[in-house]
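Before any comments, here is the structure.
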Amino acid sequence: MEHHLGQVLKLVIASAGALLATSCAIPTDTSTTIGEDETVHEARRALVGLTETQMRMCAGFPTAVADAGMAGKIWTYQDPSISRGSLNVSVPTIGIGSVPGVGGGVNVTPGGSCSTQIRMVDGRVAEIGFSGDNNTPTSLNALCASMIDECVVYARQMRRNERRR
């Protein structure tokens, strides 16, 4: 009985280790296998044309602004530490007779980063770009979505209001 329980425990620990290892493995270039996050993709279209004031209303003040000469200004919004989610693996405590209980758990919270660049020309959004360790196993630039999702909603509302006039 103890031998069987030991084998089960080893199998549970090995399975947890394998699960942990595969959950952390993100290919270095996922651009050929997955698409861009839907919100980020929509932002590239929806935010173009917003004014500087409108961008500040939905995204706040940029972390940095750089003069790009004839190309306008580059506004940068940075979020240096974004969580991709977490993985929790728990192994129940098992004790038999005089054998002490064995158990435990593992908690992994892999992080990432996002820098959103917005090029302003003549006081309006002309282009949006994303950089950083911001991909997930299922979407490109997905960790940047939370930085601009409110602006996508804001831009849609602005356009609806303009059509009603």
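The values are calculated or read from the model by the stated rules, or taken from the named source; none is laboratory data. Because the structure is a prediction, the values reported are computed rather than measured. Cβ: placed from backbone, ideal geometry, glycine included. Neighbour counts: every protein chain shown. Remember, those area values only see protein heavy atoms, side chains included, never the ligands or the DNA or RNA. Shrake-Rupley method; radii C 1.70, N 1.55, O 1.52, S 1.80 Å.
Taking amide hydrogens as placed 1.01 Å from N in the peptide plane, the amide H of Ile34 sits under 5 Å from that of no residue at least 5 positions away in sequence or on another chain. Okay, which of the range 109-137 sit inside 16 Å, backbone N to the point 7 Å along the Cα-Cβ direction of Arg165? Label zone hits: none. Proximity of backbone amide H atoms, modeled 1.01 Å from N, is registered between Leu50 and Val125 at under 5 Å, excluding neighbours fewer than 5 places apart on the same chain.
Packing here is the average count of other Cβ atoms within 10 Å per residue, and on that basis the peptides 141-147, 157-163, highest first, run 141-147, 157-163.
Karplus-derived 3J(HN,Hα) values for the range 156-164, using 6.51 cos²θ - 1.76 cosθ + 1.60 with θ = phi - 60°, are 4, 5, 4, 5, 4, 5, 5, 5, 6 Hz; glycine and proline are entered as x. Between Thr33 and Asp133, the FRET efficiency estimated from the beta carbon spacing at R0 = 22 angstrom works out to 0.80.
R0 = 25 Å: FRET efficiency of Ala64 with Val153, Cβ-based, nearest 0.05?
Numbers: r = 25 Å, r/R0 = 0.98.
Taking R0 as 25 Å, the efficiency between Ala64 and Val153 is 0.55.
Surface analysis of the range 123-165 yields an accessible area of 58 Å² per residue, using protein heavy atoms and a 1.4 Å probe.
Amide H to amide H distances under 5 Å link Ser113 with Ile82, Asp133, Asn134, where only residues 5 or more positions off or on other chains count and H is placed in the peptide plane.
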